[in-house]
Amino acid sequence: MLGTCSFDSYTLTMNHKSYILASSFFQFGGPIIVIVGCYFFIVKAVFHHEEELRQQAKKMNVTSLRNNSEQDAVTAEMRIAKIPVINITRIIVYLL
């Protein structure tokens, strides 16, 4: 492979094309898939936790299980949960 850290993009044999394709997937696509999957499960866990809190509050006949100072923390938690969604969107837009 020319003895450098790059690949030979000038040779158009199937062997070189498959190497470039596999290299692109495993060095770029694979990590992106792992990152998107991890962010997905983080967001899913935050929303699941919020739903559990709502159900518990409903059982106790209260509007919320949090006091006013904790309500601000809820909005902070939701803002933090939105960060992975924004990052994933930026990655997808970048890939297109």
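The values are calculated or read from the model by the stated rules, or taken from the named source; none is laboratory data. Predicted, not measured: the structure shown is a model, and the values here were computed from it. Using ideal geometry, Cβ is built from the backbone for each residue, glycine included, and neighbour counts are taken over all protein chains shown. Ligands, DNA and RNA are excluded from the accessible area calculation, which covers all protein heavy atoms including side chains. Shrake-Rupley method; radii C 1.70, N 1.55, O 1.52, S 1.80 Å.
Checking each residue in segment 67-86 for being modelled with pLDDT under 65 and either open to solvent by less than 70 Å² (accessible area, probe 1.4 Å) or within 16 Å of Val43 (Cβ to Cβ) (or both) picks out Ala73, Val74. Residue-level check: of (1) touching a helix residue (DSSP H, G or I) at 6+ places or on another chain (Cβ under 9 Å); (2) modelled with pLDDT of 85 or more, Leu53 misses just (2).
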